[in-house]
Amino acid sequence: MRSKLVVGNWKMNGSREANAALLDGILAGLDGTGADCAVCVPAPYLFQCEQLLAGSAVAWGAQDVATEPCGAFTGEVCAAMLRDFACRYVIVGHSERRAYHGESNALVARKAKAALDAGLTPIVCVGETLAQREAGETMAVVGAQLGAVLALLGPGAAAKIVLSYEPVWAIGTGKTATPAMAQEVHAALRAQLRDCNAESAENVQILYGGSMKPENARDLMAQPDIDGGLIGGAALKAADFLGIIRAVA
Ligand code: PGA
């Protein structure tokens with residue numbers, strides 16, 4: 001049986017002061033019910049997360065990782081550094097990185113592998129644009145995005161990822177996929193995982209991301225193949241983030 005997981009993606013938001021207040025609010029409101037949770041924060045704040053969250057029920061992680069293990073790569077942050085700050089997770093292939101930094105499916109696969117090699121759990125994001133959805137290409141697009149990762153990782157490692165379906169047109173727009181629309185894609189992604197590794201496909205958590213809020217989280221997470229959420233805007237307010245964590249039936 002898969003547990004539910006709710007991950008906050010802070011994107012490029014925060015300050016030491018604001019983070020402390022947000023994390024205090026989250027920690028104060030957690031009551032041991034609801035989903036497992038984590039926050040993925042800008043790299044400069046990983047130390048602060050380790051200080052404030054160690055020993056708590058909130059895990060933490062980063063939003064990107066280098067493909068290389070170390071060396072002359074100015075500006076990059078490698079997986080071992082994330083481990084050094086006790087990260088559990090790292091997001092790879094977020095649509096904003098694909099769009100603004102030209103990250104290809106092959107590059108995202110290498111990032112997922114770098115994370116796994118260092119003992120991190122990559123949260124692999126896939127999702128189609130509005131134009132791709134309207135052209136009927138959703139399954140082909142997300143299938144190719146996941147396929148590149150599975151091909152590089154192979155069946156054993158593929159079972160160790162978290163997957164997140166984030167329709168690009170739903171991110172930060174207030175437009176959410178309906179539970180049925182999301183479930184359809186999640187089920188297809190799980191079928192693809194099953195083709196790669198029949199046994200562990202049932203254990204891989206597939207999150208939904210894109211304007212998830214306390215008000216729509218319950219119906220989304222009630223779907224059989226939706227195992228939690230990757231939350232942007234609503235993760236920046238303790239009450240909203242807690243509301244989503246508690247929305248797990
Ligand atoms: P959103 O972002 O919840 O603000 O739509 C989700 C994400 O980009 O991970």
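The values are calculated or read from the model by the stated rules, or taken from the named source; none is laboratory data. Note that this is a predicted model, so its numbers are computed, not measured. With ideal geometry, Cβ positions are generated from the backbone for all residues, glycine too; neighbour counts draw on all protein chains shown. These area figures cover heavy atoms from the full protein model, side chains too; ligands, DNA and RNA do not enter into them. Shrake-Rupley method; radii C 1.70, N 1.55, O 1.52, S 1.80 Å.
Summary table
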| item | result |
| --- | --- |
| Portion, in percent, of the accessible area of the range 5-216 that falls on carbon or sulfur, probe 1.4 Å | 55 percent |
| About the Cα centre, charge dipole magnitude for the chain (Lys/Arg +1, Asp/Glu -1 at Cβ), debye | 60 debye |
| Total lysine pairs whose alpha carbons fall under 21 Å of each other in the chain (8 or more apart, or interchain) | 12 |
| FRET efficiency, ASN13 to ALA198 (Cβ-Cβ, R0 35 Å, nearest 0.05) | 0.30 |
| Hz values of 3J(HN,Hα) by residue in the range 181-186 - Karplus curve (6.51, -1.76, 1.60), Gly and Pro given as x | 4, 5, 4, 4, 6, 4 |
| Stretchable slack from LEU130 to ALA151, in nm (0.36 nm times residue separation minus alpha-carbon distance) | 4.9 nm |
| Extension reserve of the ALA21-ASP117 stretch, reckoned as 0.36 nm per residue once the Cα distance is removed | 31.2 nm |
| Per residue solvent-accessible surface (Å²) - the range 5-216, probe of 1.4 Å | 44 Å² |
| The range 115-189: GluC sites (Glu not before Pro) falling in loop per DSSP and having at most 10 other Cβ within 10 Å | none |
| In the range 159-200, the trypsin sites (Lys or Arg not before Pro) that fall in loop regions by DSSP, at most 14 other Cβ within 10 Å | LYS175 |
| Size of charge dipole - the range 52-177 - debye, nearest 20, with Cβ of Lys, Arg +1 and Asp, Glu -1, no other charges | 240 debye |
